[in-house]
Amino acid sequence: MAPPVVETIKLTKDYDGTRAVDSLDLRIEEGEIFGFLGPNGAGKTTTILMLLGLTEPTLGVAKVCGHDATREPLKVKRITGYLPENVGFYEDLTARENLRYITRLNRIPERQASGKIDEVLEIVGLSEVADREVGRFSRGMKRRLGMADVLVKDPRLVFLDEPTAGIDPDGASQILDFIVSMSKEKGITVLLSSHLLHQVQKICDRVGIIVKGCMVAEGPVERLGREVVGGGQNALEVQVTESSANLIESIESIPGVKAVECSGDMLSIRGDKDVRAEVSRAIFENGSLPLHIRAQDYTLEEIYLKYFREE
Amino acid sequence: MRAVFWKELADYFGSWRFIIIFAVICLAALSATYTAAQTIRGDIAQTPTEYVFLRLFTTSGETLPSFIFFLSFFGPLIGIIFGFDVINSERSRGTLSRVLSQPLFRDSVINGKFLAGLTAIAIMLASIILVVSGLGLRMIGVAPAPGEVARIGVFFLISLLYVGFWLGLGILFSVLFRRTITSVLAAIAIWISLALFISMFAGIAANWVAPVDQHSEAEAILEHERIYDSVMRISPTTLFGEATETVLNPGKRTLRGVVLVREVEGMIPGPLALGQSLMLVWPHLVALIALILICFAVSYVRFMREEIRAT
Ligand SMILES: Nc1ncnc2c1ncn2[C@@H]1O[C@H](COP(=O)(O)OP(=O)(O)OP(=O)(O)O)[C@@H](O)[C@H]1O
Ligand SMILES: [Mg+2]
């Protein structure tokens, strides 16, 4: 079996006395989009740097596609794209020249490289300013160029450190779209860190929440929501034309339903499985009509805040 | 490493810094040569015409010092200005983390930048020497003999090593210090102490170890001179000065300032062959190369395992 694309084993990093990352175990499989969340100073960037061999772990190993990032950094860097938090370009070179330098460092043959550069500039929507000096780019344009820079080497895996920080909502959603499409079309594995929870929730298959260097929760957003906020339960939110004591009683008698709360025409139902069909039947049978039934999903925000309240 | 080399070389040639330095050096070189040529023309009747072409470089006029003096003065400045910000400016612009997340060894970044700087300096020095020779040829109307051309070639190499040392020192400081202003000040401090204050230190050291007065024995004076010279030779400026003088002035038979009469008795007067001049300055060349290697070694050690964080 192929090794996971990203694997860390008891990864630890100390900065003179303070522990920035604390025995972190992380696995990311091929093609996943993994969201890395955590407050400022939680150790997200440090973890990414260790995975790239840009800093050495104090303890533990960081592996990318089976290669130890500390011992074989070149093998890792050949297949990995990295968008740093504050991406910098040579301001006096054009966008195209900046990318050309990267393809040369990756030893991509010139002919192949120019096609590739045009292609990625097109993807990020910078074709028109390709020959303009980067010094005259706006912040958002530089971020987009950063995405092009990551893609131009045809990576198997990309690390995006806050790819949408400081970008307007329209630009941010464009960047999220690139991320999703590169993951879906090219099968690129993505690890992204961000503070914008609803964005992460929208595009990530799985998230990990890291606090003070420790991974406190990890998994798909819905599961985390159920486990963390809902106490492992499903919740339904139902609006009916008319609620009655009978209706509530018959809902309560549905197997799997744990509790029903009623306020006016809104009912909220908790249970340990999905009971939407049974609930609507009960509503009809009691001479009422369902106006709205929604399985309540938890926003990442709720999950995230829950951890901080507990801290 | 090639990609780094070509990119940096192109940067040097496009930069104002290169153009300005080149203009200043050209101006200094041309005026020094002009006055030297006038002096030579004035006394050409009294002096032998052998090796007269080389005197273009070593003769000082009434108002201006000689070309090699200018070079020994400006050489450090060229090296430092070319080197002081190569690493730390990339670090602060955030391009370093982008470059180092590409598959290349970290030492290739330093090597590529050093070689590019050295090439730019070589091109600069070679064209200045050509310009000086051209002007001198017109003014004194004597073409250089093949022996003289060879000596000029050796002079070029020594100059390159000399400026190369300061380039290496500049690069070392650009690795050691985060801020470019700190690294340039540190490099200039070293330059000033090695160029100006070293003779003071040498004098103190010599007086301390082997004090002399008017009544001292010849041996004591020699010892005093020996210590003085050894301390002076810590400075690349001394190494450069002695080496170029010996190479450009075939009549120079010894590096010592004080020669005993009984030593002169055995000497056959007349110019040395190039090989013999080289033998005389060989230790100087080795010392210059060693100094460059020390700069490199320290840069490598510092840079190789350092954390590269985009801040
Ligand atoms: N060079 C350093 N020296 C000492 N401590 C450091 C250094 N770099 C980072 N740290 C510490 O390591 C911890 C983790 O930092 P890191 O940059 O990984 O956080 P982060 O999760 O990326 O935060 P943010 O969301 O602000 O980007 C922080 O507490 C920080 O103070
Ligand atoms: Mg960070």
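Taken together, the values in this text are just the output of simple stated rules run on the coordinates, not laboratory data. Just so it is clear, the model here is predicted, and its values are computed rather than measured. Positions of Cβ are backbone-derived with ideal geometry, glycine not excepted, and every protein chain shown enters the neighbour counts.
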Task: Total formal charge among the other residues, if their Cβ is under 15 angstrom from that of A:Arg27, Lys/Arg +1 and Asp/Glu -1 - done: -4
TODO: Rounded to the nearest Å, what's the spacing between the alpha carbon centres of the stretch B:286-307 and the stretch B:165-240? Just the number, please.
DONE: 20
- [ ] Can you tell me the 0 to 90 degree angle between the C-alpha axis of helix B:218-232 and the longest principal axis of chain B, rounded to 10?
- [x] 20
Task: Net charge of Cβ neighbours under 10 Å - reference A:Ala282; Lys, Arg +1; Asp, Glu -1 - done: -3
- [ ] Within 10 Å of each Cβ in peptide B:91-97, how many partner chain Cβ atoms are there on average? Round it to a whole number, please.
- [x] 5
- [ ] Taking the Cα centre of the protein assembly as shown as origin, work out the dipole magnitude from +1 charges on Lys and Arg Cβ and -1 charges on Asp and Glu Cβ, in debye rounded to 20.
- [x] 1500
TODO: For helix B:236-248, report the angle its Cα long axis makes with the longest principal axis of the Cα atoms of chain B; keep it between 0 and 90° and round to the nearest 10°.
DONE: 50
- [ ] Work out, in µm²/s and without decimals, the Stokes-Einstein translational diffusion coefficient of the stretch B:33-105 at 25 °C, 0.890 mPa s, Rh from Kirkwood over C-alpha pairs.
- [x] 155
Task: Radius of gyration and Dmax over the Cα atoms of the stretch B:1-139, both given in Å - done: 19.5, 67
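In this model, which of A:Lys63/A:Lys202; A:Lys10/A:Lys44; A:Lys13/A:Lys63; A:Lys212/A:Lys306; A:Lys10/A:Lys212 are farther than 19 Å apart at the alpha-carbon? Spell out each step's value before the answer.
Details: A:Lys63/A:Lys202 27 Å; A:Lys10/A:Lys44 15 Å; A:Lys13/A:Lys63 15 Å; A:Lys212/A:Lys306 16 Å; A:Lys10/A:Lys212 15 Å.
Violating the 19 Å limit, Cα to Cα: A:Lys63/A:Lys202.
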- [ ] Quantify how strongly other chains surround peptide A:72-80 by giving the mean number of their Cβ atoms within 10 Å of each of its Cβ atoms.
- [x] 3
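When you look at the Cβ of every residue in A:146-154, what mean number of other chain Cβ atoms sits within 10 Å?
Values: counts 2, 0, 0, 3, 2, 0, 0, 3, 0.
Per residue, the number of nearby Cβ atoms from other chains is 1 on average.
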Task: Local electrostatic count at B:Arg17 - Lys and Arg +1, Asp and Glu -1, tallied over other residues with Cβ under 12 Å - done: -2
TODO: Under a 10 Å cutoff between Cα atoms, tell me which one of A:Glu128, A:Glu56, A:Glu218 has the largest fluctuation in the Gaussian network model of chain A.
DONE: A:Glu128
TODO: Please state, as a whole number in µm²/s, the translational diffusion coefficient that the Stokes-Einstein equation yields for the protein assembly as shown at 37 °C and 0.692 mPa s, with Rh defined as the Kirkwood radius across alpha carbon pairs.
DONE: 110
Open item on the list: Given a 10 angstrom Cα cut-off, can you work out which residue in B:Leu160, B:Leu77, B:Leu185 is the most mobile in a GNM of chain B?
Closed with: B:Leu185
Task: Percent of Cα-Cα distances greater than 27 Å, calculated over the stretch B:2-305 - done: 49
- [ ] Do me a favour and compute the ellipsoid semi-axes for chain A from its Cα gyration tensor, root of five times each eigenvalue, largest one first, whole Å.
- [x] 45, 24, 16
